[in-house]
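The values are calculated or read from the model by the stated rules, or taken from the named source; none is laboratory data. It should be emphasised that the depicted structure is a prediction, and the values quoted were computed from it without experimental measurement. Positions of Cβ are generated from backbone atoms using ideal geometry, with glycine treated the same way; all protein chains shown enter the neighbour counts. Note: areas computed on protein heavy atoms with side chains; ligands, DNA, RNA excluded. Shrake-Rupley method; radii C 1.70, N 1.55, O 1.52, S 1.80 Å.
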Amino acid sequence: MASVTRTARVAQVRDHHRSYGDTAVLQGVDLDIAGGEFVALLGRSGSGKSTLLRSLAGLDASPASEVQVDGRTSVSFQEPRLLPWRRVTENVGLALLSTARPEERARRAATALGEVGLTEKGEEWPLSLSGGQAQRVSLARALVSEPDLLLLDEPFSALDALTRIEMHRLVLQLWARHEPAVLLVTHDVDEALMLADRVLVLDEGRLAHEWTLPTPRHARTPTHPHLSEVREQVLAALGVQTVDQKAAGAA
Ligand code: ATP
Ligand code: MG
């Protein structure tokens, strides 16, 4: 894996609060993301991960001054959200609608589709794609605008295990090639440990836990001692008791 150049911070969040009615969801989030950094965000369901991601994406209905992003962002969600009445290439090009002329849009969309291995699907309709292929198109659409910050909200969680592994490889390839900072929201601890430079856990409205993963990605195996240790700690932070911990408790 090519090393990624770390540049200045692309995102800065300071003491960010967000409530829906009387429900306080984010209660003082602090976060910096460096250029080219790959950050994984975990947290229990309803902890506010998507809320934070939407704030960073500029998709929150009430934007907050505590959230600053320098540069372009793009988002890819759990559902690929492709427009069924537009062909695949056009769906990818939509991300460039306001910035590029039609010929350039088509050219760049075709290149992006090639990068996700779907050159031959450009003239197809989205409904003819498999789940994994649709998710690749969604990634191509997110990357075609060359974002500085790529926001991924559980993009692989609906895919089968093999397709998910392929997607992990693809995301790392694309990350190395385009060098965006990435914020990946996931429920999969192992996914976070295989992909990220840094793992965060959102709990009670704050980023309560953080781990840095210095192990090179090619050396990240399930039995790696440091990663095994971090896995236990992340699971504990998520309130999940592992078999070993249960056994120790019962002894
Ligand atoms: P999951 O892992 O299930 O995707 P999450 O961590 O992404 O969960 P959010 O979607 O950010 O959680 O939601 C956090 C809380 O805010 C939840 O209690 C949710 O019900 C509430 N919430 C989110 N969006 C809205 C909204 N538009 N209106 C009202 N409440 C909302
Ligand atoms: Mg969510």
When the range 11-67 is checked residue by residue, the ones that are hydrophobic (A, V, I, L, M, F, W, C) and part of a loop (DSSP other than H, G, I, E, B) are 59, 61, 64
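To keep it simple, each residue is scored yes or no on (1) more than 22 Å from residue 91 (Cα to Cα); (2) at pLDDT below 95.
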| residue | (1), (2) |
| --- | --- |
| 145 | no, yes |
| 160 | yes, yes |
| 170 | no, yes |
| 199 | yes, no |
Within the range 173-220, residues being of a type in the set (A, V, I, L, M), in a helix (DSSP H, G or I) and out of contact with any Ser or Thr (no Cβ under 7 Å at 6 or more places or on another chain) number 7
Discussion item. Take residue 79 and tell me if it is in the same structural domain as residue 171 (by TED's automatic domain parsing), in contact (Cβ under 8 Å) with a residue 24 or more places away in the chain and open to solvent by 30 Å² or more (accessible area, probe 1.4 Å).
Written reply: no
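A quick yes/no check of all residues on (1) outside the structural domain of residue 236 (by TED's automatic domain parsing); (2) more than 9 Å from ligand 1 (Cβ to nearest atom); (3) touching a helix residue (DSSP H, G or I) at 6+ places or on another chain (Cβ under 9 Å); (4) at negative phi:
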{"site": "13", "(1), (2), (3), (4)": "no, yes, yes, yes"}
{"site": "16", "(1), (2), (3), (4)": "no, yes, yes, yes"}
{"site": "29", "(1), (2), (3), (4)": "no, yes, yes, yes"}
{"site": "40", "(1), (2), (3), (4)": "no, yes, yes, yes"}
{"site": "45", "(1), (2), (3), (4)": "no, no, no, yes"}
{"site": "48", "(1), (2), (3), (4)": "no, no, no, no"}
{"site": "63", "(1), (2), (3), (4)": "no, yes, yes, yes"}
Answer yes or no as to whether residue 154 is within 16 Å of ligand 2 (Cβ to nearest atom), at positive phi and in the same structural domain as residue 53 (by TED's automatic domain parsing).
yes
Looking across the range 93-119 at residues that are in contact (Cβ under 8 Å) with a residue 40 or more places away in the chain and more than 20 Å from residue 168 (Cα to Cα), the single one that is surrounded by the most Cβ atoms within 10 Å (Cβ to Cβ) is 93
